Amino acid sequence: MNQEPKTLLAALSLYGYPLMEPEMKPDPYQLLVSLVKSRDARLLEGFPVVLANILSQKDTLFKLARAESLCRSTKDRQLLRYLYRLSFQLFDLYDFEFSQLNRSNSGWLLDEQLKNKLANDRLLKFKGIQLDPRRLKRVFLDYVVNNRNFQGRSLEEKLKLKEEFRREYYLSLLLSPKQKELLNKRLDGESMTKTEREYFSRVVRKKLQALINPNLHELARQALQKN
């Protein structure tokens, strides 16, 4: 981690990723650069959280170029841009939109290959850095999605949302985004094309049958009980 870990951890809490209590409000650009310089996977998992909170502040107009100007090396700038692009895929995956991110003018952010890796839980690698997509999504759900959706809601609504988030998380471990889309179509009674019906029957149905198989339930229970 960087030479001032306590300062960095304190700063993170003010931008949605509280690992300890803050004593001062940091510069958001310097905070993102400090995350990049840390090369610490646990801290880098919070990059999308911090960026989402920065973009949510109405009185702040975020400029990536300003953050890049604070990077002292080409490697830092490359990692910064990678994490920024990765964050965009995460926002897109969970339908988060920010007025400061104009999609029509941010073509370089669109990265289907990166988005597919994130959606299908394939290890993310860049310049010697490895990030676990499952942990990345879990952190984003905990610190951004849940918090935003829980604001102003009743206890009953919050419990319902938590259950929905939990269901979506576990489904993402088992089904690809396309497969989840077909499952939702089936549940909602929406019409499917011939190709979609055939794919659902050939692939998705078999996965769902495996989910309700009592033998697999017992096998999973035994495996999880092992020390």
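The values are calculated or read from the model by the stated rules, or taken from the named source; none is laboratory data. The structure presented is a predicted model; accordingly, all values stated were derived computationally and were not measured. Ideal geometry is used to build each Cβ from the backbone, glycine not excepted, and the neighbour counts take in all protein chains shown.
Brief remarks follow.
- The listed residue being of a type outside the set (Phe, Trp, Tyr), in the same structural domain as Lys37 (by TED's automatic domain parsing), at pLDDT 90 or above and in contact with a helix residue (DSSP H, G or I) (Cβ under 9 Å, 6 or more places away or on another chain), out of Gln78, Gln130, Gln100: Gln130
- Every residue from region 107-143 that is farther than 18 Å from Tyr94 by Cα and of a type in the set (Gly, Ala, Ser): Gly107, Gly128
- Reported count of residues in region 178-195, each being in a helix (DSSP H, G or I) and among the β-branched types (Val, Ile, Thr), is 1.
- Residues that are charged (D, E, K, R) and under 17 Å from Tyr143 (Cα atoms) within region 29-81 comprise Arg42, Glu45, listed in sequence order.
Conditions (1) modelled with pLDDT under 90; (2) in a helix (DSSP H, G or I); (3) under 30 Å from Ala41 (Cβ atoms); (4) assigned by TED's automatic domain parsing to the domain that holds Leu86, marked per residue:
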site: Gln113; (1), (2), (3), (4): yes, yes, yes, yes
site: Asp121; (1), (2), (3), (4): yes, no, yes, yes
site: Asn149; (1), (2), (3), (4): yes, yes, yes, no
site: Tyr170; (1), (2), (3), (4): yes, yes, yes, no
site: Arg197; (1), (2), (3), (4): no, yes, no, no
